[in-house]
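A.B. asks: Once you've had a glance at the structure underneath, I'll fire off some questions.
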Amino acid sequence: MILPQMPAEYWAEQTRVALRDQEPVKSLGLAKKAMLFDPQNPTLYFYEGEAYRNLAFRVLHRSSLETTYFKKSAGILSARSGHLSRR
């Protein structure tokens, strides 16, 4: 019987679309909803893991961008202050 699988498949597809659209928080909620209907579906656990990986990458990437930005800003400020003190 296919009918009991329909809600799980629907939410699994919504999870996949959210992952594709780079919306990891949304995909986590959708994966949890799908797991209520089909807790034995390994694809849902894969999607959940991908969402967590995407979130971790964003945190790490943001941190490295901020570090790079602050280093460049400090370099520019020190260069400017050195340039101004020579006048």
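Bear in mind these aren't lab numbers, they're just calculated from the coordinates by the rules spelled out. Because the structure is a prediction, the values reported are computed rather than measured. Because the Cβ atoms are built from the backbone with ideal geometry, glycine has one as well, and the counts that use them run over all protein chains shown.
A.B. asks: If we count every other residue with Cβ under 15 angstrom of residue 28's Cβ, Lys/Arg +1 and Asp/Glu -1, where does the sum land? Kindly include the intermediate steps, with their values, before the conclusion.
C.D. replies: On the way: positive: 16, 20, 26, 32, 33, 53, 58; negative: 21, 23, 48, 50.
Taking every Cβ under 15 Å from that of residue 28, the sum is +3.
A.B. asks: Modelled label-to-label distance, residue 45 and residue 13, 7 Å Cα→beta-carbon offset: nm?
C.D. replies: Placing both labels 7 Å beyond Cα along the Cβ direction yields 2.5 nm.
A.B. asks: What does the charge count near residue 7 come to, summing +1 for each Lys or Arg and -1 for each Asp or Glu among other residues with Cβ under 10 Å from its Cβ? Provide the component values of the computation, followed by the final result.
C.D. replies: Values: positive: 33; negative: 9, 38.
Charge balance near residue 7 sits at -1.
A.B. asks: OK, next. Spin-label point model (7 Å from Cα, Cβ direction): what's the residue 62 to residue 6 distance in nm?
C.D. replies: Label at residue 62, label at residue 6, 3.9 nm between them.
A.B. asks: Further, regarding this structure: I want to check the label-to-label distance for residue 36 and residue 55. Put each point 7 Å from Cα in the C-beta direction and report it in nm to one decimal.
C.D. replies: Inter-label distance under the simple model: 1.8 nm.
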